[in-house]
Amino acid sequence: MSSSTLLLSLFKYKAWANAELFAELDKLDAQARQAERHLAIRLLNHIHVVDRIFAAHLAGQPHAYTATNTPETPTLAELRDAVAQTDRWYVAYIEGLAPRQLEETLQFVFTDGANGLMSREEMLAHVATHGGYHRGAVGRIMAQADVPPPRDIFTVYLHRAEPGRRERG
């Protein structure tokens, strides 16, 4: 398996995991669990902002973010839609990359003003793993609020996306 094939699979998984998590998080009562829901949305918004920042770095475009979260908190529906759009962007971006482009090193500036230097492959790996880390924190919040988080692990995604993997050879 090549790096680009693996990255594409990881970002399709990321899109699936995000959709699963948003669907389950919607079950968290907005009135009775206001604090938990707000914290979960803030964490998911942080993931989204970082995803958008790195999308800008990868595209060689500026972004308007000055921090890794926004002062305002979007609604769950607004954030779900924005995340889905960003997930589609990453999948299309990876599909359009030539394997040699993954090794290309890009210079950028972090929101704290520090300089950064990473390959496209490293940036994509960061985005994939960063989101997983924080989705896990949201899952913990949900579990403590008596809403079971989805089983959003890579193996579940692979076997749902390709049911033939469950068949014996």
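Look at the range 29-49 and say how many of its residues are assigned to a loop (DSSP other than H, G, I, E, B) and polar (S, T, N, Q). Walk me through it before giving the result.
Quick first cut of the range 29-49, residues assigned to a loop (DSSP other than H, G, I, E, B) only: 29-33.
Pick out the ones that are also polar (S, T, N, Q) and you get 31.
Adding up the residues that qualify gives 1.
If you take the residues in the range 1-18 that are touching a Pro at 6+ places or on another chain (Cβ under 9 Å) and more than 14 Å from residue 134 (Cα to Cα), which one is surrounded by the most Cβ atoms within 10 Å (Cβ to Cβ)? Can you show your working first?
Filtering the range 1-18 for residues touching a Pro at 6+ places or on another chain (Cβ under 9 Å) gives 2-4, 17.
When the remaining residues are screened for being more than 14 Å from residue 134 (Cα to Cα), the result is 2-4.
Values: 2: 9, 3: 15, 4: 18.
That would be 4.
Being open to solvent by 20 Å² or more (accessible area, probe 1.4 Å), under 16 Å from residue 61 (Cα atoms) and touching a helix residue (DSSP H, G or I) at 6+ places or on another chain (Cβ under 8 Å) is the filter here; which residues of the range 107-128 pass it?
Those that are open to solvent by 20 Å² or more (accessible area, probe 1.4 Å), under 16 Å from residue 61 (Cα atoms) and touching a helix residue (DSSP H, G or I) at 6+ places or on another chain (Cβ under 8 Å): 111, 118, 120.
For the range 134-147, check the following and say yes or no: at least one residue is assigned to a loop (DSSP other than H, G, I, E, B), under 13 Å from residue 21 (Cβ atoms) and of a type outside the set (Gly, Ala, Ser). Even if it seems obvious, please write down each step before you answer.
Filtering the range 134-147 for residues assigned to a loop (DSSP other than H, G, I, E, B) gives 145-147.
This time we only want the ones that are under 13 Å from residue 21 (Cβ atoms), so: 147.
Imposing the further condition that a residue be of a type outside the set (Gly, Ala, Ser) reduces the set to 147.
There is at least one residue in the range 134-147 that is assigned to a loop (DSSP other than H, G, I, E, B), under 13 Å from residue 21 (Cβ atoms) and of a type outside the set (Gly, Ala, Ser).
Identify all residues within the range 19-40 that are aliphatic (A, V, I, L, M) and either farther than 18 Å from residue 78 by Cβ or in contact with a Pro (Cβ under 7 Å, 6 or more places away or on another chain) (or both); write none if there are none.
If the condition is that a residue be aliphatic (A, V, I, L, M) and either farther than 18 Å from residue 78 by Cβ or in contact with a Pro (Cβ under 7 Å, 6 or more places away or on another chain) (or both), then 21, 32, 35 are the ones that fit.
Within the range 29-43, does at least one residue satisfy the condition of being open to solvent by 10 Å² or more (accessible area, probe 1.4 Å), of a type in the set (A, V, I, L, M, F, W, C) and under 25 Å from residue 93 (Cα atoms)?
Looking only at the range 29-43, we keep the residues that are open to solvent by 10 Å² or more (accessible area, probe 1.4 Å), and these are 29-39, 41-43.
Pick out the ones that are also of a type in the set (A, V, I, L, M, F, W, C) and you get 30, 32, 35, 39, 41, 43.
Pick out the ones that are also under 25 Å from residue 93 (Cα atoms) and you get 43.
Yes, there is a match, as at least one residue in the range 29-43 is open to solvent by 10 Å² or more (accessible area, probe 1.4 Å), of a type in the set (A, V, I, L, M, F, W, C) and under 25 Å from residue 93 (Cα atoms).
With respect to residue 104, determine if the residue is open to solvent by 50 Å² or more (accessible area, probe 1.4 Å), in contact with a Lys or Arg (Cβ under 7 Å, 6 or more places away or on another chain) and touching a residue at least 12 places away in the same chain (Cβ under 8 Å). First the steps, then the outcome.
Working: open to solvent by 50 Å² or more (accessible area, probe 1.4 Å): yes; in contact with a Lys or Arg (Cβ under 7 Å, 6 or more places away or on another chain): yes; touching a residue at least 12 places away in the same chain (Cβ under 8 Å): yes.
When the stated conditions are applied, residue 104 passes them.
For the range 50-98, enumerate the residues that are in a loop (DSSP other than H, G, I, E, B), loosely packed, with under 13 Cβ neighbours inside 10 Å and either in contact (Cβ under 8 Å) with a residue 40 or more places away in the chain or within 14 Å of the chain's Cα centre (by Cα) (or both). Steps first, please.
First, pick out the residues of the range 50-98 that are in a loop (DSSP other than H, G, I, E, B): 60-75, 97-98.
Next, from what is left, pick out any that are loosely packed, with under 13 Cβ neighbours inside 10 Å: 60-62, 64, 66-67, 71-72, 75, 98.
Passing the criteria: 60, 66, 67.
The values are calculated or read from the model by the stated rules, or taken from the named source; none is laboratory data. This one's a predicted model, so the numbers in the text were calculated from it and none came from an experiment. Positions of Cβ are generated from backbone atoms using ideal geometry, with glycine treated the same way; all protein chains shown enter the neighbour counts. Protein only, heavy atoms only, side chains kept; ligands, DNA and RNA dropped before computing areas. Shrake-Rupley method; radii C 1.70, N 1.55, O 1.52, S 1.80 Å.
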